[in-house]
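The values are calculated or read from the model by the stated rules, or taken from the named source; none is laboratory data. What you see is a predicted model, and the numbers here were worked out from it, not measured in a lab. Using ideal geometry, Cβ is built from the backbone for each residue, glycine included, and neighbour counts are taken over all protein chains shown. Side chains included, ligands, DNA and RNA excluded: accessible areas come from the protein's heavy atoms. Shrake-Rupley method; radii C 1.70, N 1.55, O 1.52, S 1.80 Å.
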Amino acid sequence: LAALGAASPTEPEETAAIRIDSLTALKRTAEAGRVIAARAEVENDIGRLRKLAKQGLEADSKVALATVYGKIARQIPNDPEASRWLGLQDFASGRSGLARRHLAQVVETPLADHEVNSAYGEILLQANERDAARFHFRRALEQLEASRDRSVATRVARAQLLNRLGDANQALAMMAALVGERPSDPGLRADYANLLMDNKLYDQARRVLSGQ
């Protein structure tokens, strides 16, 4: 099993694909990511790069995906799939200028899901383009409401969007209900506190963070 990770970037494509799938199945995702990144470095065919991207997503390897999508973006600068992934990573890392450039290639495509619209709305809001930001927040909220996903992450995202659209009361009520369901979840408490602070409810935010 240890030899699975000992890949060569020049090994046959089929052998590398089996190696990657095996490492992912064994939860050895860091090793899978390294194999994917090594393959991407020497690969120029877009179809095969997209297959590597799919394997990178399955392995949840940011190292691999940065290499693969970076290479796709260099070959096809406006590629929506690569632009989406790179843009969301840039946004999460605080690189708003790069994120805006990437996500602008995506917002009018079918890949513009609620994550894209929400992130793009935040970028526009930072640039004081409030009307355009509201448009994307509203679109993101509509996408979430149309979804059957009722996970905690989705409910938090919905509350955050409602807050951005001016419905702070409903947003705070949703977060309070979520914390009531999961009182020992520190991440959820942090999300609730951030929403309270955004509405200048600092004492309540302190109580939430302290577990009161």
Show Arg130, Arg84 ordered by accessible area, largest first, where the area counts protein heavy atoms only and the probe is 1.4 Å.
Arg130, Arg84
Per residue, how much accessible area does the chain have with a 1.4 Å probe, in Å²?
55
What percent does the relative contact order of the chain come to when contacts are Cα pairs within less than 8 Å and at least six residues apart?
9
If each part is reduced to its alpha-carbon centroid, the stretch 168-209 and the stretch 70-93 end up apart, in Å, by 33
When the Karplus curve 6.51 cos²θ - 1.76 cosθ + 1.60 is applied with θ = phi - 60°, which whole-Hz ³J(HN,Hα) does each residue of the stretch 144-153 get, with x for Gly and Pro?
5, 5, 7, 7, 8, 6, 10, 5, 4, 4
Can you give the percent of C-alpha pairs in the stretch 20-106 whose distance is more than 22 Å?
25
Fraction in percent of alpha-carbon pairs per bin - 5 Å, the stretch 68-141:
3, 20, 29, 26, 14, 5, 2
So the compactness index of the stretch 127-201, its C-alpha Rg divided by 2.2 N^0.38 Å, takes the value 1.11
Which order do you get for Glu142, Glu31 if you rank them by accessible area with a 1.4 Å probe, largest at the top?
Glu142, Glu31
Rounded percent of accessible protein surface that carbon and sulfur make up, the stretch 116-212, 1.4 Å probe:
47
Label point distance in nm, Arg101-Glu145, each placed 7 Å from Cα along Cα→Cβ:
3.6
With a 1.4 Å probe and every protein chain left in place, tell me how much accessible area Lys71 has, in Å² to the nearest 10.
30
Run the reach check for Lys62 against lysines, Cα to Cα strictly under 29 Å, same-chain hits fewer than 8 apart removed. What comes back?
Lys27, Lys51, Lys54, Lys71
Length added when fully stretched, Glu108-Asn169, from 0.36 nm per residue minus Cα-Cα
18.9 nm
Seen from all sides and averaged, what is the projected area of the convex hull of the Cα atoms in the chain, in nm²?
13.9
How far apart, in nanometres, would the label points at Leu209 and Lys62 be if each is projected 7 angstrom from Cα along the Cα-to-Cβ direction?
2.3
